[in-house]
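Some notes on the structure that comes next.
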Amino acid sequence: MIANLDRARDLMESCEVDALVATTPDNVLYLTGYEGWFERRNSEDMLDPLSRAIQFPSYAVLTKSDRPALIVVASFGATAAGLGAIDVQHFGRPVGSPDTKSAPSAIEVLVQVLKQRGLVDCRIGIELRAPASDRAADLGARLPLARLDDCSVLLRYIRAVKTADEIRLMRECAEASQQAAVTALALARPGRDMLDISTAYRVEVARYDAELDHFAWGVSDGGIAMQVSSALKETDLCYVDFGCRRRGYFSDAGLTLAMREPRADALAAIDNLVRSLDAGSAALQAGRPASACQVEMTRALHTGSASEHCSASGHGLGVQVRDLPFVAPRTTERLRDQCVDLPADLPLEAGMVINLEASVFVAGEYSANVERSYVVRQHGAELLVSAPPAVLMPGAQGRTP
């Protein structure tokens, strides 16, 4: 378990929340380390056709002092057996059990865990996204003295700042993804199907104990396509965006594939994208709003070539591929749940991992992408992994403008 529990408990204290109950697979994973394959892929009606088509439950409970608790279906309890310093509780009956007695439900076990921790008349933050809202009503009926408040935004905000162990895992994931992409793109030749290269990336990330999240191409009409079957041409200059998931954490990166030396105007546009990322990363300083990065990226784009076709943005990375904070234009909007009220334009904090991307699409001619991830430190930012070439030319040394 590598969650930022110190940050979680500090925020619980400041929000006057006595316990957090996670109900979605991402946040259960974050708080306990439990990778709920079964819960991600199955709904209740897939096991019982008379049940509702809602996600199969698992819960994580975090208090200010006790070790995290995991409530998981008994048949998959073995998956949680090696998680270490958490309290694992099962609901339901294990597969093959001869016991004919009625087995406790997930809500019944959750109530038992909360009561054991003395949380019967306190404030409990719980994710209230459907279907959890229905289950929360059941929980409220069983704990009538407790106050149940939505903590969906609070949990995302907790996740925004990474521990050193999280950054290590994310670095390993990014390194695996980058090496897999370079290996796969080395196969590019005129006439080669783009789908072959996407498949090669999928195979390569598996060698690093990772799984494909995305491998996207810029196509000639100006759009972006996944799993596209189209032969590469000798004149192609293509946007490529790729990422994988490893041990619960995502990577996201991008570069430009050139089938031959790009023409001068395209190279100038790519140089412009690199300058945009350089300007944006220089603005990734603790205490500054996330929008300051977007302002600097956009300013750099507007001083260079093909600026009318360029865009720049960014987002946090973690157990979700697009997490807080978002690098976007300034806004006065708020991120709210019943526990926190935050500016949507979040101030940057040391330990955040931010993905920055600048791209250009000139329909019918070319597309290009430069995308890298950074760790925010107290006085600046550093690359999560060494930057790949901005332009990769198979059979030639990649060009880094």
Counted residues in the stretch 43-79 being part of a loop (DSSP other than H, G, I, E, B) and either surrounded by fewer than 21 Cβ atoms within 10 Å (Cβ to Cβ) or in contact with a strand residue (DSSP E or B) (Cβ under 7 Å, 6 or more places away or on another chain) (or both) come to 15
For the stretch 148-158, indicate whether the set of residues that are surrounded by fewer than 20 Cβ atoms within 10 Å (Cβ to Cβ) and among the small types (Gly, Ala, Ser) is non-empty. no
query: Would a scan of the stretch 207-219 turn up a residue that is in a strand (DSSP E or B), modelled with pLDDT under 95 and in the same structural domain as Gln178 (by TED's automatic domain parsing)?
result: yes
Picking from Ala286, Ala258, Ala290, the residue that is of a type outside the set (Asp, Glu), assigned by TED's automatic domain parsing to the domain that holds Ala174 and surrounded by fewer than 24 Cβ atoms within 10 Å (Cβ to Cβ) would be Ala286
The condition of being hydrophobic (A, V, I, L, M, F, W, C) and in contact with a Leu (Cβ under 7 Å, 6 or more places away or on another chain) holds, among Val219, Val228, only for Val228
In the set Glu371, Glu382, the lone residue that is touching an Asp or Glu at 6+ places or on another chain (Cβ under 8 Å) and at pLDDT 95 or above is Glu371
Q) Within the stretch 80-88, is there a residue that is among the hydrophobic types (A, V, I, L, M, F, W, C), within 17 Å of Arg135 (Cβ to Cβ), assigned to a strand (DSSP E or B) and at pLDDT 90 or above? A) no
Could you say whether any residue in the stretch 270-293 is acidic (Asp, Glu) and within 19 Å of Ala368 (Cβ to Cβ)? yes
Requiring at least 1 residues that are farther than 30 Å from Ile126 by Cα and in contact with a helix residue (DSSP H, G or I) (Cβ under 8 Å, 6 or more places away or on another chain), the strands (runs of 3 or more DSSP E) wholly within the stretch 324-401 are 353-362, 366-377, 380-383
Checklist entry - Of the residues that make up the stretch 272-280, is at least one assigned by TED's automatic domain parsing to the domain that holds Gly316, under 28 Å from Glu211 (Cβ atoms), out of contact with any Pro (no Cβ under 7 Å at 6 or more places or on another chain) and of a type in the set (A, V, I, L, M)? => result yes
Out of (1) in contact with a strand residue (DSSP E or B) (Cβ under 8 Å, 6 or more places away or on another chain); (2) surrounded by fewer than 22 Cβ atoms within 10 Å (Cβ to Cβ); (3) not basic (Lys, Arg), the one Asp196 does not meet is (1)
Within the stretch 302-316, restricting to residues that are modelled with pLDDT of 90 or more and buried (at least 23 other Cβ atoms within 10 Å of the Cβ), the one that is farthest from the chain's Cα centre (by Cα) is Ala312
With criteria (1) within 22 Å of the chain's Cα centre (by Cα); (2) of a type in the set (Ser, Thr, Tyr); (3) surrounded by fewer than 18 Cβ atoms within 10 Å (Cβ to Cβ), Ser359 comes up short on (3)
Flagged pairs (Cβ under 6 angstrom, 6 or more apart or on separate chains; first in the stretch 372-389, surrounded by fewer than 13 Cβ atoms within 10 Å (Cβ to Cβ); second assigned to a strand (DSSP E or B)) are Glu382/Val375
Checked Gly222, Gly287 against criteria (assigned to a loop (DSSP other than H, G, I, E, B), at pLDDT below 95 and at positive phi); the one match is Gly222
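The values are calculated or read from the model by the stated rules, or taken from the named source; none is laboratory data. Keep in mind that what you see is a predicted model, and the values were worked out from it rather than measured. A quick note on method: Cβ atoms are made from the backbone with ideal geometry, for glycine too, and the neighbour counts reach across all protein chains shown.
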